[in-house]
Amino acid sequence: MFLNLKDIILLLHPILACTFVFPVIGITTFLALQTRQRRLKDTTSIPATVGHLHVKLGKLLAAGVVGITLVALAYSVVFGFQGFLMQAENNALQPLSVVLVVLMFVVTIAATVFLYRAQSKIWRGVFALLSGMGVTILAFQPGVFRRDDEWWISHFYFGLASVMLMIFSVAIVHDIYQDRSLRWRRIHMGLNALVLVLFLLQGITGTRDLLEIPLSWQAPVVYQCNFDPRSPQFKTCP
Ligand code: HEM
Ligand code: HEM
């Protein structure tokens, strides 16, 4: 086996994305199209349950996307470059920052759970805001690789955007049903068409990132290579 424990933990996020999140994206999208078709024209051959099923799968999808993102972030804040382990090796780790990050994970998970349970508009808004803020604060901790200089092809930024839009979808479920003018329904469709593109980009940028990350025991050698595009030795190894 070429994998160390660290490598296996790194793989948890892509494994959950491929085996759980992406299949659920497929089913949710199929049911979304059926819901639309039934509402617009075909009430005979499409069962009345498709709308309800779409929402059920949609809620599962949103929870899955938030969940796998927290798994990736948990890996990064501990094992990432300048994450907790590296800080500990350099005697720079502050116990308070570990406590605060753990607390932030707890608050984010709790806010997401309460978002699913909240009925009134105000509480759904509050918990959606807390959940989104929690993910964002965790996402900008040291250790998380963001690809800031190439944000337009960054797995991190597309991922963060899709998480926010999933949380928003859950927050507006009641509004979609209550709004007779279809405004919220249209907003939902527009934003989630964008989310589908973001998911596609996540599949592309995620597999690229996986290929670029060396196995933990190969990392000391691989990181001696030149990763600086401005250097004449770019893409060469000693
Ligand atoms: C892959 C992501 C998603 C896509 C592409 C998508 C797209 C759609 C579409 C096309 C409709 C039908 C609109 C119409 O009646 O013309 C719809 C309805 C709806 N969606 Fe989504 N959606 C997604 C995820 C979600 C999520 C995460 C939620 C929240 C949990 C959600 C909640 C709803 C609700 C409440 C309706 C109304 C259902 C009904 O009429 O019974 N959707 N969506
Ligand atoms: C809906 C799908 C996905 C979302 C929302 C998502 C989101 C994220 C986010 C926000 C990060 C944080 C960046 C970091 O911690 O460094 C991340 C990291 C990562 N993702 Fe994804 N991702 C998705 C799918 C995938 C897929 C399909 C793969 C590969 C097959 C993948 C591979 C990775 C890798 C290798 C990392 C960096 C290591 C780590 O932090 O665990 N992701 N992802």
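Taking every residue in region 98-113 that is under 16 Å from VAL71 (Cα atoms) and pairing it with any residue that is of a type in the set (Val, Ile, Thr) and surrounded by 12 or more Cβ atoms within 10 Å (Cβ to Cβ), at least 6 positions away or on another chain, the pairs with Cβ-Cβ distances below 7 Å are VAL101/VAL77; MET104/ILE137; THR108/VAL135; THR112/VAL66.
So ALA17 fits all but one of (1) small (Gly, Ala, Ser); (2) within 15 Å of ligand 2 (Cβ to nearest atom); (3) out of contact with any Gly (no Cβ under 7 Å at 6 or more places or on another chain); what number is the exception? The one condition ALA17 does not meet is (3). Restricting attention to region 146-168, which residues are surrounded by 16 or more Cβ atoms within 10 Å (Cβ to Cβ) and aromatic (Phe, Trp, Tyr)? If the condition is that a residue be surrounded by 16 or more Cβ atoms within 10 Å (Cβ to Cβ) and aromatic (Phe, Trp, Tyr), then PHE156, TYR157, PHE158, PHE168 are the ones that fit.
The residues of region 124-142 that are crowded, with 20+ Cβ neighbours inside 10 Å and either aromatic (Phe, Trp, Tyr) or modelled with pLDDT under 95 (or both) amount to a single one, PHE127.
Give me the residue from region 208-224 that is hydrophobic (A, V, I, L, M, F, W, C) and assigned to a helix (DSSP H, G or I) and, out of that set, nearest to GLY159 (Cα to Cα).
Among those that are hydrophobic (A, V, I, L, M, F, W, C) and assigned to a helix (DSSP H, G or I), it is LEU210.
Taking the listed residues VAL106, VAL66, VAL50, VAL98, the one that is of a type in the set (A, V, I, L, M) and closer than 16 Å to ALA171 by Cβ is VAL66, with no other qualifying.
Once region 162-176 is narrowed to residues that are among the β-branched types (Val, Ile, Thr) and either within 14 Å of ligand 2 (Cβ to nearest atom) or in contact with a Leu (Cβ under 7 Å, 6 or more places away or on another chain) (or both), the residue that is nearest to ILE68 (Cα to Cα) is VAL163.
Looking at region 1-103, the helices (runs of 4 or more DSSP H) lying wholly inside it that each contain 1 or more residues that are more than 14 Å from ligand 1 (Cβ to nearest atom), surrounded by 15 or more Cβ atoms within 10 Å (Cβ to Cβ) and of a type in the set (Asp, Glu) sit at 5-16. Candidates GLY134, GLY125: the one that is closer than 15 Å to VAL65 by Cβ and not aliphatic (A, V, I, L, M) is GLY134.
Pairs are defined by a Cβ separation below 8 Å, a sequence spacing of at least 6 or placement on different chains, a first member in region 192-207 that is within 8 Å of ligand 2 (Cβ to nearest atom), and a second member that is of a type in the set (Val, Ile, Thr); the pairs so defined are PHE199/ILE25; THR205/ILE153.
The values are calculated or read from the model by the stated rules, or taken from the named source; none is laboratory data. What you see is a predicted model, and the numbers here were worked out from it, not measured in a lab. When we count neighbours, we look across all protein chains shown, and the Cβ atoms used for this are built from the backbone with ideal geometry, even at glycine.
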